[in-house]
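So the structure is just underneath, and the comments pick up after that.
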Amino acid sequence: MTTATVEGVEVDTRHWIGGERVASELTFTDISPIDEQPIAEISAGSSAEVDAAVQAAKQAFIGWAAMPRDERADLLRKVADGIDARAEELARVETRDNGSLLRSHRRSVMPRVGMNFRFFADFAEKLDHPGGEIRGHRERVSYDPAGVTAIITPWNAPLMLATWRIGPALAAGNTVVAKPPEWAPLTASLLADITHEAGLPAGVFNVVQGTGAQAGAPLTAHPGIRRLAFTGSVPTAGVIAKAAAPNIVPLSFELGGKSPLVIFADSDFDLAVSLAVEQFDNSGQVCLGAFRILVEDAIADQFTEAVLAKAKTIRQGDPRDEATDMSCLITRQHFERVDGFVRRALAAGARAILGGSPNDELGHLYYRPTILVDAEPGSEILTEEVFGPVLTVQTFSSENQAVEMANNTRFGLAATLVTGDPDRAERVSAKINAGTVWVNCFFVRDLGAPFGGNGESGIGREGGIYSFDFYCDIKTTVFSPKGWTTND
Ligand code: NAD
């Protein structure tokens, strides 16, 4: 079988290498988290397929890098059009594949996927080469394509996270080998069809399916890659950094988080409550999620009660149902991991004021929205990334203590502050150690703004010019006023 029909959409289950579908002898089973049913048998790539894809990308790089920027941008805008045209199919397949809400895919995720191509195509066209002057010499800065780019991504927002790297890499003039997540591999295959239909030359975009160990590892160690963008967990990042080190490949890492939501007594109360409950989105499988709620003790009881009341109205169920607010976790393995964190926290003295266990009515991989209080300071539940629908609530009594608690983490991806005092917002945001700080809002993202994490949350920044700083080889050329044999 080389295709699977998922939610009425035919998906090719093979790799996409050099403009052709390529099958592997071995396959792995893709299981839907909604009901734990197998939905596709996917080609399981290994070093042979990775090598073929890198060679194809190297070949294609010559023509793609030389193509005028505006022509490249036009092709990428056609990819964006193709994504928009097939957004509903992509949404349905992704929902079946990773269990995220269909309504979110329709409303925000798939439009953003198209934007990941359109924004960076437009941006690349305007990449300027500012001409400076140094002691009478003219200076030029140019953004040159760097080569084959490896892109390895996770399952929690598979197509959005992959295209956030693929868009700028291709717009920079690089060619790409993508290794999608084995727990949600399907929409990457549909993207390959879309790039083909849009007219991308063979080999410019390649997809090698497979597990991290079998397909990811040989890609990260391949001497033919010139950039490596990885989104995933901290332990995997360590393995990848070692594998890539001998080839001196520039890395961009977007990793985990344990972000705080800091709520001051002067905040807009309803807004603070809404922002807290919003953290259950995507069943808490969100790198940016602010799962550590820190609330000023003067309003702590009232706040916790209000969050509890609102969280109780969350409708959990099948993600294909428009009325569902929260669905399931991605795999049995991940489900056990999340449950393990909660069980250990409860055994260590934390109290669940909501949830704290699987949803037995729904069965399968449905875990109840969970709020834990009274966790021991420094305990695992307050320091490790759970990546599930689990919030903790702690209290603070002063601004300094709030900052200290917010920064008490190895991570530094994001932080959210809720306060009614603009001076406090300035003071506290300046002291917070995070790549992104939201004040009285959450998840507002501009593709032109730098995005990334501090500490164990990552290496580098992407977005706008920061993406091109990573994906390009930046060159300075200095022209002397002397030595010319013609005056033209
Ligand atoms: P993961 O690290 O297990 O896997 C991510 C990808 O790496 C997958 O495609 C996997 O196949 C591949 N991989 C695994 N081992 C590999 C190896 N040895 N060599 C090469 N590739 C390998 O992460 P996950 O569980 O899929 O994703 C969840 C993690 O991703 C969380 O920590 C989350 O915070 C993080 N994340 C971060 C961001 C961000 O923007 N900072 C966004 C989303 C998710």
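Summary table below
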quantity: 14 Å beta-carbon shell around ALA375, net charge (K/R +1, D/E -1); calculated: +1
quantity: With 10 Å bins from 0: P(r) over the chain, alpha-carbon pairs, percent; calculated: 4, 19, 28, 25, 15, 6, 2, 1, 0
quantity: Cα gyration tensor shape of the stretch 289-399, rounded if a/c is under 1.5, else prolate or oblate by comparing a/b with b/c; calculated: oblate
quantity: Whether the stretch 1-128 is rounded, prolate or oblate, judged on the alpha carbon gyration tensor where a/c under 1.5 counts as rounded; calculated: oblate
quantity: Peptides 222-230, 310-318 ordered by average Cβ neighbours within 10 Å, highest first; calculated: 222-230, 310-318
quantity: In degrees, nearest ten, helix 69-85 long axis to first principal axis of the chain (Cα); calculated: 40
quantity: Relative contact order, percent, the chain [alpha-carbon distance under 8 Å, six or more residues apart]; calculated: 18
quantity: Cα gyration tensor shape of the stretch 179-232, rounded if a/c is under 1.5, else prolate or oblate by comparing a/b with b/c; calculated: oblate
quantity: Other-chain or far-sequence residues with amide H under 5 Å of LEU354's (modelled H); calculated: ILE371
quantity: Length-normalised contact order of the stretch 1-89 in % [C-alpha pairs under 8 Å, at least 6 apart]; calculated: 21
quantity: CD proxy at 222 nm, helix term only [per DSSP H run n ≥ 4: -39500 (n - 2.57); per residue of the chain; nearest 500]; calculated: -11000 deg cm²/dmol
quantity: Sum of side-chain charges, VAL9 neighbourhood, beta-carbon under 10 Å (Lys, Arg +1; Asp, Glu -1); calculated: -1
quantity: 26 Å Cα cut-off, lysine pairs counted over the chain (separation 8 or more, or different chains); calculated: 14
quantity: Relative contact order %, the stretch 260-439, counting alpha carbon pairs below 8 Å whose residues are six or more apart; calculated: 28
quantity: Whole-number D in µm² s⁻¹ for the stretch 226-317, Kirkwood Cα-pair radius fed into Stokes-Einstein, 20 °C, 1.002 mPa s; calculated: 136
quantity: Between the stretch 139-174 and the stretch 266-301, the alpha-carbon center distance in angstrom; calculated: 33
quantity: Inter-centroid distance (Cα atoms) of the stretch 24-55 relative to the stretch 391-468, Å; calculated: 37
quantity: Degrees, to the nearest 10: 422-431 long Cα axis against longest axis of the chain; calculated: 70
quantity: Acute angle (nearest 10 degrees) that the helix 300-311 long axis makes with the longest principal axis of the chain, alpha-carbon atoms; calculated: 70
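Quick note: the coordinates plus some simple rules give every number you see, no bench work behind them. Everything numeric in this text was worked out from a predicted model, so none of it was measured. Positions of Cβ are backbone-derived with ideal geometry, glycine not excepted, and every protein chain shown enters the neighbour counts.
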